[in-house]
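The values are calculated or read from the model by the stated rules, or taken from the named source; none is laboratory data. Keep in mind it's a predicted model, so treat the numbers as computed, not measured. Please note: Cβ atoms are built from the backbone with ideal geometry, for glycine as well, and neighbour counts cover all protein chains shown. Ligands, DNA and RNA are stripped out before the accessible areas are found, and what is left, the full protein with its side chains, is counted by its heavy atoms. Shrake-Rupley method; radii C 1.70, N 1.55, O 1.52, S 1.80 Å.
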Amino acid sequence: MTQLAHVGRNDPCPCGSGRKYKVCCLPRAEAVETARDGVVGTAAEITVLDAGPAPDAGACLRLLAGAEVGCWFDRRATGGISLLMVDPDRVLRSACALWPALSASAAMPPGPFGFAGGWAGWISFEGALTALGLVPNGARAAPDVAVARYGAALAIDHARGIAHAVGRGPGGEAAAHAWLRRLDRLGRAAPLSYSARAPRVVDPGPDRTAFVRQVRQVQHWIRAGETYVANLTYRVRLEGLTDPPGAYARLAAAHPAPYAALLHDGDRWVLSSSPELLLERRAGLARTRPIKGTRAVGEGVGPSGVRATSGQAEAVLSARPGSPAVPGPGWVPVMPTGPPLAADPKERAELTMIVDMERNDLGQVARTGSVRVTELFGVERHPGLEHLIATVEADVPVPACDLLRAMLPGGSVTGAPKRRTVELLAALEVTPRGVYTGSAGYCDDGGDMEWNVAIRTLEVFGGRCLYGTGGGITADSDPDREYAETRLKARGPLRALGVPWE
């Protein structure tokens, strides 16, 4: 395998743009290095190694299953660059430790592929509440966070079918070379076999009557001026999910998503098929894409946005473990032809309130006057569902810790105003949300980051499984319709695992 360490100014840029490094990523790295004192020498050097053809999904799952701690940020659905990380230097399992650690991270020049070393993992909803200065009450079975320090990652370019090992500094160079050795051993390993056993539901969550009562309580608070919109949720509990990697393979096949992730920390796994972006920053430009509003659609989505018939979608839902994982590179959401979702007054009002709050969150740390809404009332279609979506952007020069804390927890999964709504919901949601409506993602030492909103997400531990679902409640909400929407959001992922669900 060819080593591309210490890329020269006239060499092709390792990001894959086809341009020379000196006119592509190098100026950006030099600008950051000039602006930040003390970023000199080997600590700022980035190692990029040619890792050969891109490993397939099965190989990624084997690598992750064989590690004690690891993350796979799966971008096959969009044909982007996936990141695979294993064997970290350090793992944080307390929100109290997370924020100081992120604040203490040394500022480095940004690297190619969005990550060349830094922090990655998941933050539970309860962990995210600490960003608001709230301390959740009650005992929780799981740590509030599982965020680890990785010196290197395997970057998989699905559009070009190639992979690179990338790291930063002397430790990152050694970690990048370790990736080549892992891939070499992988070629001699037996394929990973998946269990066909489906989990069973032991607690389906509240019935219609109980949920409707909660919706009406939220509407009472809205009329009293306590909140404007609140995201009311509950948990579905399952048992017997003994093969998390195999379950993720089925989930990704049935529900390819732009911000999917598979993460694990010991015997605890997170399987996320999230369509929602909490936060992305590239070269100082931060972006969030809140989702509010959901409709069922009778068609699935095929590769490159080609619609599949209902029968084809059902075939995917019932696919056997080990079948091809997701549509190929180039998958994009399909814009529906009809206007019902985008024209719905309740859904438009709900999204408008959340966009206003996200503008405010970004505005706390953004350059003055740079916050802008670049998309409003867009419609994205995913298998079985379509969503109303917006995009808010801003120029944000602050450290990663400050930006992430400003955005957590996501406005679309809390409500407006955020802090007061969270306090109100605590009276109705009697169990911790866990990873659901928290976030999974990474912060590169160069300042780039990407974090999803952990919806369509399963949390697995010791054969037990939690799946969260919910929806935004406004003054105009129909309680029965809101309950039906929560069941709809659970239907696709649970059916993908072989669970009967209506």
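Below, the figures for the structure above:
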| read-out | value |
| --- | --- |
| Residue-normalised accessible area of the range 361-412, expressed per residue, 1.4 Å probe, Å² | 33 Å² |
| Within the range 222-285: Cβ-based charge dipole about Cα centre, in debye rounded to nearest 20 (Lys, Arg +1; Asp, Glu -1) | 180 debye |
| Accessible surface, per residue, of the range 66-124 when the full set of protein chains is kept, probe 1.4 Å, Å² | 30 Å² |
| At R0 = 30 Å, FRET efficiency that the Cβ-Cβ distance of Ala101 and Arg419 yields, to 0.05 | 0.80 |
| Inter-label distance for Ala343 and Gln217, nm, one decimal - labels placed 7 Å from Cα along Cα-to-Cβ | 3.7 nm |
| Asp267-Ala178 FRET efficiency (beta carbon distance; Förster radius 25 Å; 0.05 resolution) | 0.55 |
| Highest-first arrangement of 159-171, 478-490, where packing means the average Cβ count within 10 Å | 159-171, 478-490 |
| Inter-part distance where the range 398-445 and the range 246-264 are each reduced to a Cα centre, Å | 22 Å |
| Inter-label distance for Ala427 and Trp501, nm, one decimal - labels placed 7 Å from Cα along Cα-to-Cβ | 3.0 nm |
| For the range 382-457, diffusion coefficient by Stokes-Einstein and Kirkwood Rh (Cα), 37 °C, 0.692 mPa s, µm²/s | 225 µm²/s |
| Dipole magnitude of the range 405-502 about its Cα centre (Cβ charges: Lys, Arg +1; Asp, Glu -1), debye to nearest 20 | 240 debye |
| Over the range 371-502 - Rg/Rh using Cα atoms and the Kirkwood inverse-distance radius | 0.97 |
| Cross-link reach list, aspartates and glutamates versus Lys418, counting only Cα pairs under 15 Å and skipping chain neighbours closer than eight places | Glu126, Glu226, Glu350, Asp356, Glu358, Asp361 |
| Global form of the range 159-275, assessed from the alpha-carbon gyration tensor, a/c cut-off 1.5 | prolate |
| Accessible area of the range 442-502 belonging to carbon and sulfur atoms, whole % at 1.4 Å probe | 46 percent |
| Apportionment of accessible area to carbon and sulfur, the range 113-226, percent (1.4 Å) | 50 percent |
